[in-house]
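Beneath this line is the structure, given in structure tokens, with notes to follow.
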Amino acid sequence: MTRSQLRRVAIAFALVLGAANVYFYNYAVFLALNHPDSDIRFNLYGDPQIEGDAKLKREPTTGKYDLLVNDYYLQHIYASTIAAFRPQYVVTMGDMFSSQRTNKEEYYKRIDRFKWISHQVDANMAPISGSHAY
């Protein structure tokens, strides 16, 4: 393959990757275009599995960045879908936290992180225990 052909392939790949990134970043907006407003609107989210201190103990260096990227990604999901669909109710189902036993301090840290992620900083939380409660 010549240098010119390789450059064209690289440019085509970058354009396709850029277009895919723009599409997936705005996916909720595209979905909302096909859903007219209705009387009752819910956004349902499942299993955010927020990790914390156990991840930091296992992976001290990369774990910190992994938690940060995951928090910002989940925050983007909540923000973009809430902006696109304008729900009256937001429900998060499933395991809010990953499956480690947490002490009270870590539990409240994760609650605060979840409130930031889900844009519910001032909202009342009503956890309902499920099959994993102990």
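Below, the figures for the structure above:
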| quantity | calculated |
| --- | --- |
| Qualifying trypsin sites (Lys or Arg not before Pro) in the stretch 12-70, DSSP loop, other Cβ atoms within 10 Å at most 10 | none |
| Largest to smallest accessible area among Glu106, Glu51 [probe 1.4 Å] | Glu51, Glu106 |
| Value of relative contact order over the chain, rounded to a whole percent, pairs C-alpha under 8 Å and six or more apart | 32 percent |
| Extension gain (nm, one decimal) between Arg41 and Asp112, 0.36 nm per residue minus Cα-Cα | 23.0 nm |
| Quotient of C-alpha Rg and 2.2 N^0.38 Å, computed over the stretch 55-115 | 1.30 |
| Solvent-accessible area of Tyr27 with every protein chain in place, 1.4 Å probe, in Å² to the nearest 10 | 100 Å² |
| Accessible-area value, Tyr45, 1.4 Å probe, nucleic acids and ligands omitted, Å² | 30 Å² |
| Projected area averaged over orientations for the stretch 28-80, convex hull of C-alpha atoms, nm² | 4.7 nm² |
| 222 nm mean residue ellipticity, helices alone, for the chain (DSSP H n ≥ 4; -39,500 (n - 2.57); rounded to 500) | -18000 deg cm²/dmol |
| With every protein chain in place, the chain: carbon and sulfur % of accessible area (1.4 Å) | 60 percent |
| Surface accessible to a 1.4 Å probe, Thr61 within the full protein complex, Å² | 100 Å² |
| C-alpha long axis of helix 3-25 to longest principal axis of the chain, angle in ° | 30 degrees |
| Shape category assigned to the stretch 80-119 from the gyration tensor of Cα positions, a/c cut at 1.5 | prolate |
| Among (1) -0.31, -1.27; (2) -0.41, -1.34; (3) -0.22, -1.54, the entry derived from the coordinates for log10 I(q)/I(0) by the Debye sum over Cα atoms at q = 0.09, 0.22 Å⁻¹ | (2) |
| FRET E, pair Ile82, Lys104, Förster distance 30 Å, beta-carbon r, rounded to 0.05 | 0.55 |
| Accessible area of the chain divided out per residue, in Å², using a probe of 1.4 angstrom | 76 Å² |
| Largest-first ordering by accessible area, 1.4 Å probe, given options Asp66, Asp37 | Asp37, Asp66 |
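The values are calculated or read from the model by the stated rules, or taken from the named source; none is laboratory data. These numbers come from a predicted model, not from an experiment. Every residue, glycine among them, receives a Cβ derived from its backbone with ideal geometry; neighbour counts consider all protein chains shown. Each accessible area value is taken on the protein alone, full model and side chains, heavy atoms only, with ligands, DNA and RNA left out. Shrake-Rupley method; radii C 1.70, N 1.55, O 1.52, S 1.80 Å.
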